[in-house]
1. Of everything in region A:75-100, what is surrounded by fewer than 22 Cβ atoms within 10 Å (Cβ to Cβ), within 16 Å of the ligand (Cβ to nearest atom) and part of a loop (DSSP other than H, G, I, E, B)? Give them in sequence order.
2. Among the residues of region A:134-169, write down those that are open to solvent by less than 40 Å² (accessible area, probe 1.4 Å) and part of a loop (DSSP other than H, G, I, E, B).
3. Any idea which of B:Gly597, B:Gly620, B:Gly702 is of a type in the set (Gly, Ala, Ser), in contact with a Lys or Arg (Cβ under 6 Å, 6 or more places away or on another chain) and under 30 Å from B:Lys739 (Cβ atoms)?
4. Could you look through region A:113-133, keep only residues that are near the ligand (Cβ under 10 Å from one of its atoms) and open to solvent by 10 Å² or more (accessible area, probe 1.4 Å), and pick out the one that is nearest to B:Glu675 (Cα to Cα)?
5. Just to confirm my filter: which helices (runs of 4 or more DSSP H) fall fully inside region B:660-719 and include at least 2 residues that are within 30 Å of B:Thr735 (Cβ to Cβ) and at the interface with chain A (Cβ under 8 Å from one of its Cβ atoms)?
6. Which residues, counting only those in region A:103-135, are touching a residue at least 12 places away in the same chain (Cβ under 8 Å), closer than 20 Å to B:Leu531 by Cβ and more than 7 Å from chain B (Cβ to nearest Cβ)?
7. Need pairs with beta-carbon distance below 7 Å; first residue aliphatic (A, V, I, L, M) and within region A:66-78, second more than 7 Å from the ligand (Cβ to nearest atom) and not in a strand (DSSP E or B); sequence gap 6+ or separate chains.
8. Please enumerate the residues belonging to region B:557-567 that are open to solvent by 40 Å² or more (accessible area, probe 1.4 Å) and among the β-branched types (Val, Ile, Thr).
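The values are calculated or read from the model by the stated rules, or taken from the named source; none is laboratory data. Model, not experiment: these values are computed from the prediction. FYI the Cβ positions are ideal-geometry reconstructions off the backbone, even for glycines, and counts take in every protein chain you see. Just so you know, the surface numbers come from the protein's heavy atoms only, side chains and all, with ligands and any DNA or RNA stripped out. Shrake-Rupley method; radii C 1.70, N 1.55, O 1.52, S 1.80 Å.
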Amino acid sequence: MSKISYSKEVIRDLIEGKLPWSQTKSIISGYKDEDRFDKYVEVLQEKVAWQEKILLPLTHELYIVQKGSDRIVKCSCGQEFGDYRVNWKLNALIHVRESEEEVKELYPYPSAPDAEFCEIREFYCPGCGTQLWVETVPFGYPLVFDFLPDLDTFYAEWLKRPLPSQKEFTDLTCDFIAQNWAE
Amino acid sequence: MEQKVVNKGIGWGGNTLKEMLDKKKQLWSDTGCYYGLQELSLSASAPFKLELLHARLLAAVIAGRETTRMISAAPQVREVAELAVALYTPEGDCLLQSTGIIIHITLMGQVVEWMIEQGYEEEGINDGDCFTSNDNAISGLHPPDVYDITPIFWEGELIGWVGTVIMELEIGAVVPGCMPSGATDRFSEGLRLSAEKSAENDKHLKSFERRIRFGSRTPDLLLLNRKGALAANVKVREEVKKAVAEFGIDYYMGATRELVELERRAQLERVKRRTVPGKFHSPTTIEVDLTRTIAPPTHAIGRVTLIPCDFHIKPDGRYFLDFDGTGAWGWHAANTTPSAIQGAVSMILTQTIAYTGNANQGTSLAVDMNVPYDSFVWPSTPNFASGWLFSWPLSGGVKWMTQQSHAFFCRGFVEEFRSGVTTSSGVFGAMTGKDHLGNDFNFLSTEAAGCWGGGAFATRDGVTASAAFMPNVDMGSVEIWELMLPTLWLGRKLLPDSCGWGRYRSGYSALSTFLIYKTPLLAFDTSATFLEDKIYPNIGMFGGYPSQGAFSKLITNANTKELISQEKPLAHGMGNPDQSDLEKNIDGDLTVVTRGGIFVDSLAKDGDVYQCFYGAIASGVGDPIKRDPALARKDLDNGLLGIERCRSMHCIEAKYDQETEEWAVDEGATAELREKRSKERLAKGIPAKEWWEKRRQHLAEGRLPRLLKVMYNESLTKGQRWPGEFRRFWNLPETFTFKED
Ligand SMILES: [Zn+2]
């Protein structure tokens, strides 16, 4: 069977939600293209204004990039959030929707979260003001570290091309708090 | 190949089923391959022959499912199609499955395994038998899901099983319906069929029929569904025997095992090609409030339970779900079990990554779990109530599905990203009283089952009808429901402004409006649902929000007769949210319900009006102010989006053209609104450190609701790893717990 591959233009349209549905549907139903990750990163790298190499796209706006010997989280606007093993939310701006008016804006009907029980946390990029994430969690729940990728396993074992230097796969969020926030 | 031995067991090759089961487990632990199959000789030598057999068997289970639908009289089978059929190995491992409520596929196999462990073989398992089970201490998701399981014999040896699952709507519980709020332990949940023999020689036993006849408020529906299931099983069994005659029994048995091992390997490979390894986390909370139902006083309490969940994608492609830190189980219907979680995992994998048509036990063999015993996810008693046993599966489970989507997104397969809709948040519930024909009447309407607005995708809006547990959804025809229920539909509409806001919004859910019809007395039980009431599920993605949750409104002593005779308007949908058509047009006493697990306070009768928003909570994806104005304009034109929220949520300015009856976006004003909003966010957002200091103070001083203190303390006491993570995050002492006042 010949290998499936799509042009960079198709991948770009797919990411941007501009590909006609009939084509998206056939991509969903078909065999997957093995070169997807590389094309994906290539397209995204062209879209951002900065030079650091994208190691892994995280969300619509956030990327893990190689910066010198560090791997950091970076917004498409250029704002940096530090080591990818520290939850990036620690370096974001937070706003919690608490007032009835603010909750009602989202939920106009009788059912709505109770602000005493539920924090509706909005995370903004300090660089561009984009809303990067919304958490709805019980009051007092630690900031959720949504995804910590195992980058070295990914590159070395799955993509078969190890990254130049290794980093331990471990969550450093609490270490960051202990070192920087706790007095 | 099996060694033929002196005939002593009923299993293939004269082995007992227990011997076969033990051998399978031993080979798995020795080799890590299903049935120890390190070489796959049949698929290597003749792949198309194997494919042909697979296709034949798959066609049989799909046809079996349709057979049942022709026999059943119940609308949830005929119309909504809440059933599924699957084929199993002698040991109870699933080989292949029909469409339908596939969450049960692995679980029917667990009943087979339980029967083997219990020594049913010694009691007698014969060709033509059927065994029926809805006992959730054995396996399964809740009592209304009834499993009918039939052995398949070939020349006197048991070579497999076929199972059919049907969701029933009445099973004789303490109050009507099939998952009533007031059933707080096993003994109040109605009929318990603990894998009991229900048929011999393909005919139901009279004793079984009598048990059903006296055990349910709607015995005819329940019995006819059993007949439908039996017919499906017989049909599949005979198709399997035809295939065995053609392919040979040795080939069939070898092939069935290879199909499982092939799929197991395929699943690991798919994970490596489509995801990124690493660790995901999200908490789920389940709220149970039994203070407004018929629960015994010892159970009539309110509580919130925390279920933190880590999801790991391992270097070898295995998935690992870790429920460490889960709170306590309780006397209510919303516990969950390892079996229920396994059902959810196989159901979600089948639809999101293992959708080749080959999903079977092998898919599930690629998933490991840590499910703590004596917790909410694994009660330490067989007597727990189980009416809403999919509390985690349908809330946390769809979050897990969304996390897997996140991994697809990172890997570049954005088209595979599908965010969740958590269905522990919106079902109609049960009705009890008199029906429109004057009969005593009890029923659970599953009109909305599966037909909720779905979570958004990474690059497009969510769909209008979606649920993880119903891949092919159908609300059924109103006319058929009206035959069963003392209600007439005044309308079914989507509820404007109720989506999960985002750059891509979730799908919209439906609002049904009913005229209560020809009944002198009707009560509503919300059933054990809407369990995410005060705390919405944490399912927003990339800056999107969870959608509007469910609610219902009842107007009693309504003046509808007068309005009808005067030909004045009633209510068919919401109308203006600030002054809904229901409240504007109809006089009477209004009751509003937003919580689950309760009886609606008022009793209804002919002429009253009930309105229900089936709002399961779904995820929006991306920053709402990055929404393409063309998409918002479409929603404006369709009446799904009001101009106020178009401005406030999306920062899009638009004007309505009376001539064309269409909206036009003002691009300049939109850009200004968006610029302004970004600045506002930068001004009102505080650094995370500031928030952390403030919130830490709240926790250290115990300034949070008592129910949450109890919730956290349960998790802090029960967990091994999670408590340390919680305390380290907040820089609290190693032994910290909350003082409960
Ligand atoms: Zn930014």
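1. Within region A:75-100, A:Ser76, A:Cys77, A:Gly78, A:Gln79 meet the criteria.
2. A:Phe139, A:Gly140, A:Tyr141, A:Pro142, A:Leu143, A:Val144, A:Phe145, A:Asp146, A:Asp150, A:Leu159, A:Leu163
3. Every option except B:Gly702 fails the conditions.
4. Among residues in region A:113-133 that are near the ligand (Cβ under 10 Å from one of its atoms) and open to solvent by 10 Å² or more (accessible area, probe 1.4 Å), the one nearest to B:Glu675 (Cα to Cα) is A:Cys128.
5. Ranges flagged: B:688-700, B:706-718.
6. A:Val103, A:Ala115, A:Glu119, A:Ile120
7. If the second residue must be more than 7 Å from the ligand (Cβ to nearest atom) and not in a strand (DSSP E or B), the pairs left are A:Ile72/A:Tyr84; A:Val73/A:Leu58; A:Val73/A:Tyr84; A:Val73/A:Trp88.
8. The answer is B:Ile564, and nothing else.
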